[in-house]
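Here, each number is a calculation from the coordinates, and none is a lab measurement. In this text, all values refer to a predicted model and were calculated from it rather than measured experimentally. Cβ coordinates were reconstructed from backbone atoms using ideal geometry, including for glycine residues, and neighbour counts include every protein chain displayed.
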Protein chains: 2
Amino acid sequence: MTEYRIAVQVSLRPDILDPAGRAAEKSLQSMGFAARDARIGKTITLTLDAADAAEAEAKAEQMADQLLANPVMENCSITVTPRM
Amino acid sequence: MTEYRIAVQVSLRPDILDPAGRAAEKSLQSMGFAARDARIGKTITLTLDAADAAEAEAKAEQMADQLLANPVMENCSITVTPRM
């Protein structure tokens, strides 16, 4: 078994309103930054034991589907790296 | 001016408790996944005009310092990519 570090990036789908992102964008603009299209997503990082990277990725996809992301409103992408 | 897509990854410092990450970890474990060390961070993505990538990165650092991250409790890393 190898230790893998998993990062699950969850972002709202483009057609879903993001009030927190909008608020951050307005604040940045009032501070003089010409920022636009600001969106706020979340990243869940965790450690997992698996036989190989493919197994780790399959488990991470199950975790994302079953708990970490809401497929109706959110997109998600998974990164798997062996732990040093 | 070129359009740049900025991603500011904000994560809690390792010595700061993360109750939401702990809750996700417990839920994953109760579902049969042997996940550990789960932490939840956020990613702010936005679009910015700048003369070059160095200027875009400098602006993004200012935004992170002044608004997007709390340097006492959070680490942050910035990614700059030219927009297609």
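GNM remark for chain B: springs join alpha carbons under 10 Å apart, and the peak mean-square fluctuation among B:73, B:31, B:63 falls on B:31.
For peptide B:26-34, the mean count of partner chain Cβ atoms within 10 Å of a residue's Cβ comes to 4. Gyration tensor over the Cα atoms of segment A:21-79: the corresponding equivalent ellipsoid has semi-axes (square roots of 5 times the eigenvalues, largest first) of 34, 13, 8 Å. With θ taken as phi - 60° and the Karplus curve 6.51 cos²θ - 1.76 cosθ + 1.60 applied, the whole-hertz 3J(HN,Hα) list for segment B:64-72 is 5, 5, 8, 9, 7, 10, 9, x, 6 Hz, x standing for glycine and proline.
Taking the label point 7 Å along Cα→Cβ, residue A:53 and its counterparts in the other copies are spaced 2.3 nm apart, in ascending order.
When chain A is treated as a GNM with alpha-carbon contacts under 10 Å, the residue of A:35, A:54, A:64 showing the greatest mean-square fluctuation is A:35. Applying 0.36 nm per residue to the separation of residue A:23 and residue A:37 and subtracting their alpha-carbon distance, the gain on full extension is 3.9 nm.
For residue B:26, a cut-off of 25 angstrom between C-alpha atoms picks up these lysines, skipping any fewer than 8 places away in its own chain: A:42, A:59, B:42. Charge tally around residue B:18: other residues with Cβ under 14 Å, Lys/Arg +1 each, Asp/Glu -1 each, net +3.
Other residues lying with their Cβ under 12 Å from the Cβ of residue A:78 contribute a combined charge of -1, Lys and Arg counting +1, Asp and Glu -1.
The distance from the alpha carbon centre of segment B:3-65 to that of segment A:9-50 is 9 Å, rounded to a whole number.
Return one number: the angle in degrees, 0 to 90 and rounded to the nearest 10, between the long axis of the Cα atoms of helix A:19-30 and the longest principal axis of the Cα atoms of chain A. Between the helix axis and the principal axis of chain A, the angle is about 50 degrees. Placing a label point 7 Å from Cα along the Cα-to-Cβ direction at residue B:19 gives distances to the equivalent points in the other copies of 2.1 nm, listed shortest first. Each distinct pair of alpha carbons in the protein assembly as shown adds a 1/r term; the inverse of their mean, the Kirkwood radius, is 17.0 Å. Label-point spacing at residue A:75 relative to the other copies reads 2.7 nm, in ascending order, each point sitting 7 Å out from Cα along Cα→Cβ.
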